[in-house]
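Asks: After the structure tokens below, expect a handful of questions from me.
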Amino acid sequence: MARVMTPYRAVAVIGVAVMVGVVPVPASWIEQIYSREVYLVGQQVLTSLSSLFSVALLDVLAVLGLVGFICWWVRAFRADTQESRMRIVAKMCLNTMATAAVLYLIFMVLWGFNYRREPLITKLEYDATRISPARLRDFSRETVEQLNRLHSIASSTGWPDFEELPNRFGPAFGVVQRRIGGSRTAVVGRPKPTLLSPYFERAGIDGMVSPFSLEVLVNHTVLPYERPFLVAHEWAHLAGYANEAEASFVGFLTCLAGDEQSQYSAWLFLIPQLVRHLPQKDRTDVYAGLRDGPRKHLREISDRLNRTVPFVRRNASLAYDRFLRANRVAGGIASYGLVVDLLMGTSGSDVWKGLMQRDDMISRVLVENDV
């Protein structure tokens, strides 16, 4: 049971948290010392440990924390003391703020400083001149061609369960991390169901990484052909890419370096991201090129998202937008859509080369890892 801090200690803890939140630190320091070294060492240990358990450790921590918090307040009021109730309430409120400050500091140490690392484009062959309306149309048509080509291959066998994905294309994740400049790499996390699933389903959330246990939590209603990209996106977060666009970029490349099912999942994610930026006529033309299989899958994804509860989804989006902005992501939730810029701006660069040649590039990694 947590003890009550003295007012001076509580104020000191809150002050430290405020300083960590507002004092600027050079992004290069965060990148070189924290994100590429300290964080990844901790991630390898914590994710490996959390993956040993089939239950989500975040669920366990949340339940124990809630019960402990209630008991802590009840105990404070039942204590044999001469203090007035108003004084007890004031002291407990201050201690609750201090506890929240401690949790914030733990969050920052375990994962949160990744929000302050250098942008991924500074480490890639990124060229903004590659981004143009004409290239966007071409990229959209290329995506349609890939979906049409891969659909029958990907659907010829059963889609993998969440539990199969680490072995199926986990090695591709390591290849992509090294391709984008990482000398030390993150380990894959075991996708897990969570007590938050009912909320995920109603809010339209497909998954998340727990910043306290560095484990991947997934929405069990996500459709089978969405699973590979979803997991790859969350693995990218585990690798320290906190920005949503960067996580989608790394997840997309990871899927391309995997098998045909993961490749199909990546292109299926990408097509709505691309066409939303096209004029209506071009959008209609692009979708008209889709065959029945991919078109059916996109319709089923749309139907799944339409089953969300608008009020819950709207407030979840607003809360996450504020969370991102508080962690210095200037675009907030709009940063999701920047994955198109990243993909187009790096197209043709070395980071893309050979990613879909699984036999040539991945086979060596599979042998080395005895997969």
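The values are calculated or read from the model by the stated rules, or taken from the named source; none is laboratory data. Model, not experiment: these values are computed from the prediction. Every residue, glycine as well, gets a Cβ built from its backbone with ideal geometry; the counts of neighbours run over all protein chains shown. The protein model used for the area step is the full one, side chains on, heavy atoms only, and it has no ligands, DNA or RNA in it. Shrake-Rupley method; radii C 1.70, N 1.55, O 1.52, S 1.80 Å.
Asks: Diagonalise the Cα gyration tensor of the stretch 151-290 and give the resulting equivalent ellipsoid semi-axes, square root of 5 times each eigenvalue, largest first, whole Å.
Replies: Listed largest to smallest, the semi-axes of the stretch 151-290 are 24, 18, 16 Å.
Asks: Based on the Kirkwood radius over alpha-carbon pairs, what is the Stokes-Einstein translational diffusion coefficient of the chain at 25 °C with 0.890 mPa s viscosity, in µm²/s?
Replies: 109
Asks: Mind ranking 49-56, 171-178 by how tightly packed they are, going by the mean number of other C-beta atoms within 10 angstrom, highest first?
Replies: Numbers: 49-56: 15.0, 171-178: 22.6.
Final packing ranking: 171-178, 49-56.
Asks: What's the FRET efficiency of residue 37 with residue 61 using the Cβ-Cβ distance as r and R₀ = 22 Å, to the nearest 0.05? All intermediate terms of the calculation are to be shown ahead of the outcome.
Replies: Details: r = 26 Å, r/R0 = 1.19.
Using R0 = 22 Å, I get an efficiency of 0.25.
Asks: Where a ≥ b ≥ c are the square roots of the eigenvalues of the C-alpha gyration tensor, would you call the stretch 62-105 rounded, which needs a/c under 1.5, or, failing that, prolate if a/b is larger than b/c, or oblate?
Replies: It is oblate, given that a/c is not under 1.5 and a/b is not larger than b/c.
Asks: Can you give the three extents of the C-alpha atoms in the stretch 246-287 along their principal axes, from longest to shortest, in whole Å?
Replies: Reported extents, whole Å, longest axis first: 34, 22, 9.
Asks: How much length would be gained if the chain were fully extended between residue 97 and residue 159, taking 0.36 nm per residue of separation minus their Cα-Cα distance, in nm to one decimal?
Replies: Residue separation times 0.36 nm, minus the Cα-Cα distance, leaves 17.7 nm.
Asks: Connecting C-alpha atoms closer than 10 Å in a GNM of the chain, tell me which of 135, 314, 87 has the biggest fluctuation.
Replies: Ranking 135, 314, 87 by mean-square fluctuation puts 87 first.
Asks: Calculated from DSSP H runs of 4 or more alone, at -39500 (n - 2.57) each and per residue, what is the 222 nm mean residue ellipticity of the chain, nearest 500?
Replies: Computed ellipticity for the chain at 222 nm equals -19500 deg cm²/dmol.
Asks: Over the stretch 233-320, what number does the Rg to Rh ratio reach, with both radii from the alpha-carbon atoms and Rh per Kirkwood?
Replies: 1.01
Asks: Could I have the simple spin-label model distance between residue 52 and residue 295, label points 7 Å from Cα toward Cβ, reported in nm to one decimal?
Replies: Modelled inter-label distance: 5.2 nm.
Asks: Can you tell me the 0 to 90 degree angle between the C-alpha axis of helix 57-78 and the longest principal axis of the chain, rounded to 10?
Replies: 20
Asks: Angle between the Cα long axis of helix 292-306 and the longest principal axis of the chain, 0 to 90 degrees, nearest 10?
Replies: Here the helix axis deviates by roughly 20 degrees.
Asks: Note the full-extension length gain between residue 9 and residue 199 as 0.36 nm times their separation in residues minus their Cα-Cα distance, in nm to one decimal.
Replies: Stretched fully, the residue 9-residue 199 segment lengthens by 64.8 nm.
Asks: Right, next: How many Å² of accessible area per residue for the stretch 1-62, probe 1.4 Å?
Replies: That works out to 63 Å² per residue.
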